[in-house]
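S.K.: Submitted below is the structure of interest, expressed as structure tokens.
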Amino acid sequence: MNKIITFIVCLCCAFTVARAEGDPALNPSDANIVGHVVDRKTGEHLSFITIFLKGTTIGTATDATGHYYLKNLPEGVFTVVMKTMGYKTVETPVTLRKGKTLEINFEAEEEALSLDGVVVSANRNETTRRMAPSLVNVLDSKMFETTHATSLADGLNFQPGVRVENNCQNCGFQQVRINGLEGPYTQILVDSRPIFSALTGVYGLEQIPANMIERVEIMRGGGSALFGSSAIAGTINIITKEPLRNSAQIAHSLTMIGGSRPDNNTTLNASLVTDDHKAGIYLFGQSRHRSAYDHDGDGFSELGQLEARTVGFRSYLKTSTYSKLGFEYHNISEYRRGGDQINRPPHEAWVAEQTDHSINGGGLKFDLFSKDYKHRLNVYTSAQHTNRKSYYGTNRNLDAYGHTTDMTVVAGSQYSYSADKCLFMPAEFTGGLEYNFDELKDEMLGYNRIVDQTVHIGSLFLQNEWKNEKWSFLIGGRFDKHNLIDHLIFSPRANVRFNPTEDINLRLSYSSGFRAPQAFDEDLHVAAVGGEVAIIQLAEDLKEEKSKSVSASADFYHRFGPVQLNLLVEGFYTDLSDVFFLQEKGHDDQGNLIMERRNKDGARVMGVNLEGKMAYAWLQLQAGATIQRSRYKEAVTWSETNPDLPAQKKMFRTPDVYGYFTSTFTPVKRLAVSLTGTYTGTMLVQHLAGYIPEDREEKTPDFFDLNMKVAYDFPLYKSVTLQLNAGVQNIFEAYQSDFDQDKDRDSKYIYGPGMPRSYFVGCKISY
């Protein structure tokens with residue numbers, strides 16, 4: 001493992017030195033570009049707008065007065081790009097000569113819907129969302145602010161086909177579902193790297209603070225051809241913030257859960273960039289304390305206690321005009337405790353789930369471009385180490401302590417070539433190699449559970465995309481050799497995009513996916529059910545789960561005078577074979593309930609995603625809905641204690657209808673009023689015996705969760721702004737009313753919104 005990291009670092013350094021020595025562009029040329037950026041409608045100068053030379057590492061941002069200066073530029077023909085969130089991207093060709101200064105001014109046209117935002121999840125290369133071969137939805141930092149999100153989990157609900165649910169009353173284990181499929185079917189990436197291991201996947205959605213996120217790219221449907229195992233339902237790619245200009249921000253919010261229990265969250269961000277923009281660093285930190293919340297007064301928590309601290313940075317060094325070295329590091333410390341007797345040692349409680357995480361992760365990457373931007377090489381490595389101390393126990397059990405360590409390493413390289421013509425039209429070829437290593441050691445000696453799992457995956461991916469303004473044809477595939485699977489796994493994909501006009505995008509996609517038979521995130525979470533411990537095991541003959549997915553979508557954009565409109569309709573169908581399923585197996589020698597993961601014949605998931613966006617001068621609206629059907633091909637029996645329960649084809653915890661909406665009103669320049677909400681339709685939920693006499697299937701009511709936030713910006717001094725905000729979450733108290741109680745409760749019997757009616761206030765100072 002250390003040899004791999006050392007090799008990649010040396011390789012990066014070798015490329016860096018070679019490029020830096022052979023490129024004279026770093027020498028002064030006195031070829032400069034100056035100019036300003038103004039709003040086309042108001043004529044107001046715009047601050048902090050990104051300006052860069054396309055195909056190079058050269059770039060800057062406008063200052064507080066809306067002006068910029070690019071100096072000592074290389075000679076030749078280039079394209080100057082103006083780009084920022086909320087405005088249309090503008091490109092202008094220029095010819096740079098030694099000793100000459102050009103003045104290039106931009107008029108920025110507002111585009112509140114960000115239709116031309118850059119995404120990388122569609123084909124592993126940067127491309128605009130409008131021209132991407134696959135449909136990619138983007139959740140930006142503005143949405144996290146609008147919805148008062150403190151972590152990744154809080155913001156993901158506000159996308160079509162995506163739903164976040166709480167799966168445990170004790171520890172608050174959350175998972176994300178895409179197109180009706182549960183959490184392990186979704187691949188979570190950080191800066192396009194799969195460092196979310198089986199262990200960190202349990203609590204990781206809440207461990208990623210919102211202030212380190214630049215945007216989140218969500219690609220629904222099979223993505224194993226791009227990103228390997230577990231990308232069956234879709235892919236969530238977390239893009240962390242990169243330094244663009246000198247800036248700083250400190251913020252604090254206080255949320256009173258249920259009006260009584262505090263949740264304090266403090267964040268700090270700072271960005272430092274050199275005058276020549278050849279080096280920069282972005283620093284982020286978060287400290288959060290959430291008190292345990294007991295909704296029904298039985299002494300047992302519905303929301304556990306949470307103590308979390310995160311620090312980290314992302315930096316870059318431009319080693320030449322056409323090469324760039326990037327480095328990222330983060331440390332996450334998290335303590336959570338749920339059950340009863342929260343302030344006492346866990347073995348003195350009737351039910352206790354307690355985890356103490358220490359996570360260290362980071363990554364190194366090197367980007368190299370040719371002068372004509374036709375050749376691009378990316379070499380990267382990422383790693384994350386997790387150390388967890390845990391207690392999952394009932395009835396004051398001294399044997400319920402555990403210790404888990406996990407090391408994940410990803411290393412690889414990717415090469416892309418853009419051809420002016422390949423057979424019948426321009427094309428872009430992408431190929432790469434990737435190696436994944438994961439070493440998991442999990443010990444709970446008192447429960448006689450020892451997991452010692454080492455995973456090696458070697459991968460080769462190839463794709464070619466023929467594209468122009470109207471058409472895109474992509475074929476590609478990925479070969480994965482998993483050490484726990486005897487055979488080579490091939491995951492193909494094919495995509496067609498047709499733009500009959502600039503405002504209409506039509507897409508048709510086919511993709512495949514797989515999940516390897518290994519320990520998954522939920523296997524390492526030990527639930528308390530009916531006063532006993534439930535442990536998940538893998539069947540001896542467990543095979544990999546496979547999928548085939550087809551989707552078709554129509555994306556319509558239009559501007560009606562001052563009104564911008566975007567409508568999306570997407571149909572999806574996924575066929576699963578050898579699907580994983582949990583079934584009660586009995587009890588072990590310690591009296592623990594054993595749930596075994598087995599293969600079933602398969603399942604089918606199909607449905608429609610709908611989304612609409614509208615933007616007007618003072619109003620922005622966005623809404624989405626999913627209508628779906630998730631069924632096993634053969635009815636499944638899940639209870640060993642209640643033979644009267646009929647076999648069930650319908651997947652549990654998958655509502656047939658769910659959706660969301662967001663709205664922001666800006667009646668005056670500095671005032672923003674936001675209304676947001678989510679809708680969850682009825683669904684079937686398993687309810688295990690303990691508090692109730694025998695296992696049952698419950699049909700839940702539907703829920704509508706409405707939130708409101710008011711924010712006002714006070715200019716203090718030049719570029720310094722103070723924001724005060726306040727609001728209410730879950731205004732109508734749409735919260736579960738039939739929780740199990742006391743020590744014999746089924747802690748997994750939880751559904752609906754994650755929080756009761758809660759009130760929050762906050763402040764933020766930005767520079």
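The values are calculated or read from the model by the stated rules, or taken from the named source; none is laboratory data. Quick caveat, the model's predicted, so the values are computed rather than measured. Heads up, the Cβs are rebuilt from the backbone with ideal geometry, glycines too, and the neighbour counts pull from every protein chain shown.
S.K.: In the range 629-638, is there at least one residue being more than 26 Å from GLU165 (Cα to Cα) and crowded, with 16+ Cβ neighbours inside 10 Å?
M.R.: no
S.K.: Just to verify a result, which residue in the range 608-630, among those that are among the charged types (D, E, K, R) and under 17 Å from GLY221 (Cα atoms), is nearest to the chain's Cα centre (by Cα)?
M.R.: Among residues in the range 608-630 that are among the charged types (D, E, K, R) and under 17 Å from GLY221 (Cα atoms), the one nearest to the chain's Cα centre (by Cα) is GLU611.
S.K.: Scan the range 52-67 and report the pairs whose first residue is within 16 Å of ASP367 (Cα to Cα) and whose second residue is part of a loop (DSSP other than H, G, I, E, B) and among the β-branched types (Val, Ile, Thr), with Cβ atoms within less than 6 Å and a gap of 6+ or a chain change.
M.R.: From the range 52-67, the pairs are THR56/THR321.
S.K.: Return a yes/no flag: does the range 575-588 have any residue that is touching a residue at least 60 places away in the same chain (Cβ under 8 Å) and of a type in the set (Gly, Ala, Ser).
M.R.: No.
S.K.: Going by the conditions given, is GLY431 under 30 Å from ALA349 (Cβ atoms) and either touching a Gly at 6+ places or on another chain (Cβ under 9 Å) or surrounded by fewer than 20 Cβ atoms within 10 Å (Cβ to Cβ) (or both)?
M.R.: Here the answer is no, as GLY431 does not meet what is asked.
S.K.: Among (1) touching a Cys at 6+ places or on another chain (Cβ under 9 Å); (2) under 30 Å from HIS385 (Cβ atoms), where does ARG449 come up short?
M.R.: The number of the failed condition is (1).
S.K.: Here is a follow-up. Can you confirm whether GLU596 is surrounded by fewer than 20 Cβ atoms within 10 Å (Cβ to Cβ) and either in the same structural domain as THR626 (by TED's automatic domain parsing) or modelled with pLDDT under 75 (or both)?
M.R.: Against the criterion (surrounded by fewer than 20 Cβ atoms within 10 Å (Cβ to Cβ) and either in the same structural domain as THR626 (by TED's automatic domain parsing) or modelled with pLDDT under 75 (or both)), GLU596 qualifies.
S.K.: Oh, and also: Any residue at all in the range 348-358 that's closer than 30 Å to SER271 by Cβ and either surrounded by fewer than 20 Cβ atoms within 10 Å (Cβ to Cβ) or modelled with pLDDT of 90 or more (or both)?
M.R.: yes
S.K.: Can you pull out the residues in the range 656-676 that are crowded, with 20+ Cβ neighbours inside 10 Å, under 14 Å from MET143 (Cβ atoms) and out of contact with any His (no Cβ under 9 Å at 6 or more places or on another chain)?
M.R.: TYR660, THR662, THR664, ALA672 - these are the residues of the range 656-676 that are crowded, with 20+ Cβ neighbours inside 10 Å, under 14 Å from MET143 (Cβ atoms) and out of contact with any His (no Cβ under 9 Å at 6 or more places or on another chain).
S.K.: Go through (1) surrounded by 21 or more Cβ atoms within 10 Å (Cβ to Cβ); (2) within 18 Å of the chain's Cα centre (by Cα) for GLU302 and report which single condition fails.
M.R.: Exception for GLU302: condition (2).
S.K.: Considering the range 260-299 alone, what residues qualify as being among the aliphatic types (A, V, I, L, M) and either in contact with a His (Cβ under 7 Å, 6 or more places away or on another chain) or surrounded by fewer than 19 Cβ atoms within 10 Å (Cβ to Cβ) (or both)?
M.R.: LEU268, ALA270, LEU272, ALA279, ILE281, LEU283
S.K.: Same structure again: Scanning for something under 28 Å from TYR767 (Cβ atoms), modelled with pLDDT of 85 or more and within 34 Å of the chain's Cα centre (by Cα), does the range 73-81 turn up at least one residue?
M.R.: Among the residues of the range 73-81, at least one is under 28 Å from TYR767 (Cβ atoms), modelled with pLDDT of 85 or more and within 34 Å of the chain's Cα centre (by Cα), which makes the answer yes.
S.K.: Just to be sure, is LEU181 closer than 26 Å to ALA554 by Cα, among the hydrophobic types (A, V, I, L, M, F, W, C) and in contact (Cβ under 8 Å) with a residue 60 or more places away in the chain?
M.R.: So LEU181 passes the test.
S.K.: Look at ALA279 and say whether it is free of Cβ contacts under 8 Å to residues at least 40 places away in the same chain and in the same structural domain as TYR735 (by TED's automatic domain parsing).
M.R.: When the stated conditions are applied, ALA279 passes them.
S.K.: Within the range 68-123, restricting attention to residues that are out of contact with any Ser or Thr (no Cβ under 6 Å at 6 or more places or on another chain) and at positive phi, which residue is surrounded by the most Cβ atoms within 10 Å (Cβ to Cβ)?
M.R.: Step by step, filter the range 68-123, then rank; the result is SER114.
S.K.: For residues that are closer than 23 Å to GLN583 by Cβ and small (Gly, Ala, Ser), scanning just the range 594-607, find the one that is farthest from the chain's Cα centre (by Cα).
M.R.: Per the stated criteria, the residue is GLY602.
S.K.: Filtering the range 657-703 down to residues that are aliphatic (A, V, I, L, M) and within 24 Å of the chain's Cα centre (by Cα), which residue is nearest to LYS748 (Cα to Cα)?
M.R.: VAL657
S.K.: Can you tell me which residue in the range 511-535 is nearest to ASN495 (Cα to Cα), limited to those that are in a strand (DSSP E or B) and modelled with pLDDT of 75 or more?
M.R.: That would be SER511.
S.K.: Here is a follow-up. Hey, any hits in the range 636-658 for a residue that's touching a strand residue (DSSP E or B) at 6+ places or on another chain (Cβ under 7 Å), touching a residue at least 60 places away in the same chain (Cβ under 8 Å) and under 30 Å from GLU111 (Cα atoms)?
M.R.: Yes, there is a match, as at least one residue in the range 636-658 is touching a strand residue (DSSP E or B) at 6+ places or on another chain (Cβ under 7 Å), touching a residue at least 60 places away in the same chain (Cβ under 8 Å) and under 30 Å from GLU111 (Cα atoms).
S.K.: Show the residue pairs that are 6+ apart or on different chains and have beta-carbon atoms under 9 Å apart, the first residue being within the range 683-699 and under 18 Å from LYS649 (Cβ atoms), the second being of a type in the set (Gly, Ala, Ser) and in a loop (DSSP other than H, G, I, E, B).
M.R.: GLN686/SER639; ASP695/SER639; ASP695/ALA689; ARG696/SER639; ARG696/ALA689; GLU697/SER639
S.K.: Separate question: How many residues are at pLDDT 90 or above, of a type in the set (Ser, Thr, Tyr) and closer than 16 Å to ILE232 by Cβ if we restrict to the range 542-566?
M.R.: The qualifying residues number 2.
S.K.: Going by what's in this entry, would ARG507 be described as crowded, with 20+ Cβ neighbours inside 10 Å, modelled with pLDDT under 85, assigned by TED's automatic domain parsing to the domain that holds ASP695 and among the basic types (Lys, Arg)?
M.R.: Spelling it out, it is not the case that ARG507 is crowded, with 20+ Cβ neighbours inside 10 Å, modelled with pLDDT under 85, assigned by TED's automatic domain parsing to the domain that holds ASP695 and among the basic types (Lys, Arg).
S.K.: Can you pull out the residues in the range 230-253 that are in a strand (DSSP E or B), of a type in the set (Ser, Thr, Tyr) and buried (at least 20 other Cβ atoms within 10 Å of the Cβ)?
M.R.: THR235, SER253
S.K.: So, LYS421, is that one assigned to a strand (DSSP E or B), at pLDDT below 90 and surrounded by fewer than 18 Cβ atoms within 10 Å (Cβ to Cβ) or not?
M.R.: yes
S.K.: Suppose the filter is touching a residue at least 12 places away in the same chain (Cβ under 8 Å) and closer than 24 Å to GLN620 by Cα; does THR666 pass it?
M.R.: When the stated conditions are applied, THR666 passes them.
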